[in-house]
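The values are calculated or read from the model by the stated rules, or taken from the named source; none is laboratory data. Since we're looking at a predicted model, the values are computed, not measured. Cβ placement follows ideal geometry from the backbone for every residue including glycine, while neighbour counts extend to all protein chains displayed.
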Amino acid sequence: MLAFLGWLFVLVAGTALRGWCLSLMWGWFVVPLGAPAITYLQAAGVALLVVAMLPMRGSAADREAEGRGKKEDPVGFKKDEAHRTVARAFLAPLLFLGVGWIVHQFA
């Protein structure tokens, strides 16, 4: 149950962060081209749509490690998998926002 709540938190908080980042970058780069501004909730919905349309990630090394039977955490998920998921949910949007902010300063 604890693992499920952790994944649910990452999903909700990651979606909120992606929506915030997308709404900022939309205002910086798309609105000046003549497109209408979008709200935070619209941006969060677009972020969810994009994530849902992307294929699931998983490298051959991940599948091989899974086949070797790495020990699982007592709450039911692998720690390295959790770290990758948190990094994708939180660090990637912030990295893109940072790069977008730098580009916005020169645009």
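Consider Met25 carefully, then state whether it is of a type outside the set (S, T, N, Q), surrounded by fewer than 16 Cβ atoms within 10 Å (Cβ to Cβ) and either within 16 Å of Phe90 (Cα to Cα) or out of contact with any Ser or Thr (no Cβ under 8 Å at 6 or more places or on another chain) (or both).
Considered against the rule, which asks whether it is of a type outside the set (S, T, N, Q), surrounded by fewer than 16 Cβ atoms within 10 Å (Cβ to Cβ) and either within 16 Å of Phe90 (Cα to Cα) or out of contact with any Ser or Thr (no Cβ under 8 Å at 6 or more places or on another chain) (or both), Met25 comes out as no.
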Review point. Helices (runs of 4 or more DSSP H) wholly in the stretch 42-107 with at least 1 residues that are at pLDDT 85 or above - which ones?
Key: 92-106
Exercise for review: Could you run through the stretch 1-37 and say how many residues are touching a Gly at 6+ places or on another chain (Cβ under 8 Å) and in a loop (DSSP other than H, G, I, E, B)?
Suggested key: 1
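Of the residues Val50, Val30, which is aliphatic (A, V, I, L, M), surrounded by 14 or more Cβ atoms within 10 Å (Cβ to Cβ) and free of Cβ contacts under 8 Å to residues at least 12 places away in the same chain?
Details: Val50 fails: surrounded by 14 or more Cβ atoms within 10 Å (Cβ to Cβ).
None of the others qualify; the one that does is Val30.
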